[in-house]
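The values are calculated or read from the model by the stated rules, or taken from the named source; none is laboratory data. In this text the structure is predicted, and so the values were computed from the model without any measurement. Heads up, the Cβs are rebuilt from the backbone with ideal geometry, glycines too, and the neighbour counts pull from every protein chain shown. Calculation scope for accessible area: heavy atoms of the full protein, side chains included, ligands and nucleic acids excluded. Shrake-Rupley method; radii C 1.70, N 1.55, O 1.52, S 1.80 Å.
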Amino acid sequence: MKKFYIATDHAGFEVKDFVKDYVRSLGHEIIDLGPDSADRVDYPDYAKKCAHAVLADKGSFGILICGTGIGISIAANKVPGIRAALCHDAYTAKLTRQHNDANILCFGERVVGRGVIESMIDAFCEAEFEGGRHAGRVEKIEGCSFGADLG
Ligand code: RB5
């Protein structure tokens, strides 16, 4: 069983309950970090919340959703130790676990349909980091971080 934290902005809010139900149907745990309504919010605030929750809870993962998935993934990747992957299909979701050891799955509510979302979650949950030649590359990603502070 995996543990997930999920957060969105207003443009990712509508699909949030669907994602939570699907993750739970697979037997995983998922904790909702908001928002609680579709009122306009700023995606960096929710990216930060989820990123910090994932880092504080070793072995957990995150799911971040905004309109395109772009803004919320860019923001989450400012947090050292976070590897937030913007995915569009099962292939990218699988490979980002196997090669990048991604700890947050990001996507855009306005970009992907519900069937694709299910397949991305399946792939992200089933795939494991392969280590080996990928481990050194992932370590280098951490070396690229200059400790950006989101405030
Ligand atoms: C909100 O309108 C939209 O800009 C946001 O959800 C996201 O797509 C940004 O990257």
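For the reader, a short list of remarks on this structure follows.
- Verdict on ASP36 being more than 16 Å from the ligand (Cβ to nearest atom), under 18 Å from ILE141 (Cα atoms) and not in a helix (DSSP H, G or I): no
- Residues of the range 100-126 classified as open to solvent by 10 Å² or more (accessible area, probe 1.4 Å), in contact with a Lys or Arg (Cβ under 8 Å, 6 or more places away or on another chain) and within 25 Å of LYS78 (Cβ to Cβ), total: 3
- Restricting the range 82-91 to residues that are part of a loop (DSSP other than H, G, I, E, B) and within 15 Å of the ligand (Cβ to nearest atom), the residue that is surrounded by the most Cβ atoms within 10 Å (Cβ to Cβ) is CYS87.
- The single condition from (1) open to solvent by less than 50 Å² (accessible area, probe 1.4 Å); (2) more than 14 Å from the ligand (Cβ to nearest atom); (3) under 23 Å from ILE74 (Cβ atoms); (4) of a type outside the set (Asp, Glu) that HIS28 fails is (3).
- For the range 92-105, the criterion of a residue being within 16 Å of the ligand (Cβ to nearest atom), part of a loop (DSSP other than H, G, I, E, B) and modelled with pLDDT of 95 or more is satisfied by no position.
- Long-range neighbours under 9 Å by Cβ, at least six apart or interchain, first residue closer than 11 Å to GLY12 by Cβ and among the polar types (S, T, N, Q) within the range 66-86, second open to solvent by 10 Å² or more (accessible area, probe 1.4 Å) and in a loop (DSSP other than H, G, I, E, B): THR68/GLU109; THR68/ARG110; THR68/VAL111
- Applying the set (1) under 14 Å from the mean Cα position of the chain (by Cα); (2) assigned to a helix (DSSP H, G or I); (3) among the basic types (Lys, Arg) to LYS78 leaves exactly one unmet item: (2).
- Residue among LYS58, LYS20, LYS16 that alone is among the charged types (D, E, K, R), buried (at least 19 other Cβ atoms within 10 Å of the Cβ), at pLDDT 95 or above and within 22 Å of THR96 (Cα to Cα): LYS16
- Any hit, the range 108-117, residues being of a type outside the set (Ser, Thr, Tyr), in a helix (DSSP H, G or I) and more than 19 Å from LYS20 (Cα to Cα): no
- Qualifying residue in the range 33-44 (condition: touching a helix residue (DSSP H, G or I) at 6+ places or on another chain (Cβ under 7 Å), closer than 16 Å to ALA84 by Cα, open to solvent by 30 Å² or more (accessible area, probe 1.4 Å) and free of Cβ contacts under 8 Å to residues at least 60 places away in the same chain): yes
- Residue within the range 130-146 that is touching a residue at least 60 places away in the same chain (Cβ under 8 Å), assigned to a helix (DSSP H, G or I) and away from the ligand (no atom under 15 Å from the Cβ) present: yes
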